1. Within segment 86-98, identify whether any single residue is away from ligand 1 (no atom under 16 Å from the Cβ) and within 26 Å of the chain's Cα centre (by Cα), and answer yes or no.
2. For segment 71-85, how many residues meet the condition of being in a loop (DSSP other than H, G, I, E, B) and within 22 Å of the chain's Cα centre (by Cα)?
3. Can you tell me which residue within segment 379-408, out of those that are modelled with pLDDT under 95 and of a type in the set (Gly, Ala, Ser), is nearest to the chain's Cα centre (by Cα)?
4. Are there strands (runs of 3 or more DSSP E) fully within segment 113-189 with at least 2 residues that are in contact with a Phe, Trp or Tyr (Cβ under 8 Å, 6 or more places away or on another chain) and closer than 18 Å to Leu325 by Cα? List them.
5. In segment 277-293, what residues are in contact with a strand residue (DSSP E or B) (Cβ under 9 Å, 6 or more places away or on another chain) and touching a residue at least 60 places away in the same chain (Cβ under 8 Å)?
6. Could you check Ala142 against (1) surrounded by 13 or more Cβ atoms within 10 Å (Cβ to Cβ); (2) over 27 Å from the mean Cα position of the chain (by Cα); (3) within 15 Å of ligand 1 (Cβ to nearest atom) and say which number it fails?
7. Would you please list the contacts, defined by Cβ atoms under 7 Å and residues six or more apart or on different chains, that run from a residue in segment 83-98 that is under 9 Å from Pro109 (Cβ atoms) to a residue that is away from ligand 2 (no atom under 16 Å from the Cβ) and assigned to a strand (DSSP E or B)?
8. Given the residues Glu376, Glu371, Glu337, which is the only one that is at pLDDT 95 or above and of a type in the set (Asp, Glu)?
Amino acid sequence: TSHTDSSAKLLDAVTEGAEKGVIPASIFGDPDLYRQELRNVFGRCWVFLAHESEIPAKGDYVLRKIGEDNFIVVRDDEGEINVLFDACRHRGVQVCRSDSGNTSHFRCPYHGWTYNTKGNLVGAPLWRNAFGGMSKENNGLASAAKVASYQGLVFGTLDQSAPPLKEYLGGMAWYLDLVFGLNEHGVEVLGPPQRFVIDANWKSGAENFSGDDYHLGTLHRSVWEIGAFPVPFHENMMGYHIQASPGHSLSFSMAQDANEPGPNYFGFPDELAQSFNTTNISADQLEVARRSRVFVGNVFPNFSMLALPMTEDGSNHPPVGILTLRTWQPHGPGQVEVWNWFAGYKNLTPEQKDRAYRAGLGTFSMGGAFEVDDTEPWITVSRNGASTAAELLDFQLNYEMGKPGVGISKPVKEWPGPGRVQWTRYEEGVQRNMYGFYAEMMRSAPGQWPSLVFPEDAAADKEHRA
Ligand code: FES
Ligand code: FE
């Protein structure tokens, strides 16, 4: 069989297996499937690029990626954010050579074509002599097809047929609100992102942050052994797994009893919590945040978030709440670059911001006490995924936890937010949701989009409108 046949066969298996909980190991290593991911997943989905607070002033820019391709994310003279393909219109040379900065123009190093912050060509050496009266108009930088922000999070897509960002986020928007909209001040990044490369497949990170709480007791056992986390292990496994809408999943550590003692609000400082209110969110959203000890989630394909109480050195001192944002940047089927931002509410004191940043660095970062736990297993997932044995043995992985009738996790009917909700975090529906949508995106024809709502929600919506 040809390569294309084998990746088509893999996709058939994912489509069928996502519901059953059986995923072929080769999706973590197959090079043909990866090329299709670049086109059908990263080339079409809304991809997280930056937080607005990274480019607050006119002319501020950062260099980011959609799939493997470079884009300049820049705020122009009118304050609009543009996402420009970093390739000169003349010969395709990379124009922007700095990770971030402030500028009025980008000048290509090869022959000097110069573009403004909207990507328009505004000058070129010897233009009149060399090109005569030729119009500059059609010679600007190319732009992402669409750019939009939600709760300060800037996304872009290369697909003109992509639905609006809010529609793409679907049920996940409700959960982004309750993390980023807790008060009217909003969130800002605490410095530039940390970046590190792991020899792993991007999907391992994305599925882990979709709600792989099962690994906490084994891989992160030391967190509890040294008393670094303020909630006992088994209590922490209590909580909700939520498939917010197709593709997007999350998990809350939360006691079922609303009056259970804290930590509340992901461990953010009490003085900060006093500023949380219903200016931008509902009373239900505020209450879910109040009761939450940990929030972890993934916006398909590769934007993850984590909020939890931690200390600077992973010790048992009083913890501080940390909020991290991250992307899993694909770099071949067997390599991922992690971009890791620490973030905080704008009205934190400088001391609190400093402590939150250092707590993040000390725990979930390249050199963090707990981050290093995760990376090693993921390396072996991609190595085995690329193996001849996985292909020849048609080796299937088990994602069955929490299927109907499997285990102690049960569907929850009474829940104020959107999505499919399960009680207790012993559950892998959150990952099955990611792979179900993944398979649909991978198979979708150009211009066609899979459903962004679950069938039961679509039916309820119809009823509501009727
Ligand atoms: Fe950019 Fe020639 S390649 S100016
Ligand atoms: Fe982990």
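1. Checked segment 86-98: at least one residue is away from ligand 1 (no atom under 16 Å from the Cβ) and within 26 Å of the chain's Cα centre (by Cα).
2. 0
3. Gly407
4. The qualifying strands (runs of 3 or more DSSP E) are 146-150, 153-157, 187-189.
5. Listed by number, the residues that qualify are Val288, Ala289, Arg293.
6. (2)
7. Hits for this filter: Gln94/Asn70; Val95/Phe106; Val95/Tyr115.
8. Just one listed residue meets the conditions, Glu337.
The values are calculated or read from the model by the stated rules, or taken from the named source; none is laboratory data. None of the values given here were measured: they were computed from a predicted structure. Backbone-built Cβ (ideal geometry, glycine too); neighbour counts: all protein chains shown.
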